[in-house]
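Asker: Handing you a structure now.
The values are calculated or read from the model by the stated rules, or taken from the named source; none is laboratory data. The structure presented is a predicted model; accordingly, all values stated were derived computationally and were not measured. Positions of Cβ are backbone-derived with ideal geometry, glycine not excepted, and every protein chain shown enters the neighbour counts. Please note that ligands, DNA and RNA were not included when accessible areas were found on the heavy atoms of the full protein model with its side chains. Shrake-Rupley method; radii C 1.70, N 1.55, O 1.52, S 1.80 Å.
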Amino acid sequence: YQGAAQDFAELLRQYPDAPRAPEGMLKLGLSLLALGQIQEGCVTLAALPRTFPNAPASINDRARAERQNAACA
């Protein structure tokens, strides 16, 4: 997951307006959670709808569900 998290973070740095950027942010959050970096993963998932307000509902729904599963504040 470490390599995936680095790749998704790089994707967001280089291509923040790419059509798949919201999905990349979701996967970055999931990778951070899988690495045990709970606070960072929760912050990333919480920021997704603010960063990408026009993201597909399925991505926002998944981010919300994963935040609940991780017991994010």
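Asker: Starting from the stretch 54-73, take each residue that is in contact (Cβ under 8 Å) with a residue 12 or more places away in the chain and assigned to a helix (DSSP H, G or I) and list its partners that are open to solvent by less than 70 Å² (accessible area, probe 1.4 Å) and hydroxyl-bearing (Ser, Thr, Tyr), counting only C-beta distances under 9 angstrom and pairs at least six apart or across chains.
Answerer: Within 9 Å, the pairs are 63/44.
Asker: Those residues that are open to solvent by 70 Å² or more (accessible area, probe 1.4 Å) and either of a type in the set (Ser, Thr, Tyr) or under 13 Å from the mean Cα position of the chain (by Cα) (or both), I need them from the stretch 14-55; list them, please.
Answerer: Across the stretch 14-55, the qualifying residues are 15, 20, 27, 38, 39, 40, 43, 50, 51.
Asker: I would also like to ask the following. Please work out if residue 7 is open to solvent by 60 Å² or more (accessible area, probe 1.4 Å) and not in a helix (DSSP H, G or I).
Answerer: no
Asker: Oh, and also: Is there a residue in the stretch 31-46 that is among the aliphatic types (A, V, I, L, M), touching a residue at least 12 places away in the same chain (Cβ under 8 Å) and not in a helix (DSSP H, G or I)?
Answerer: yes
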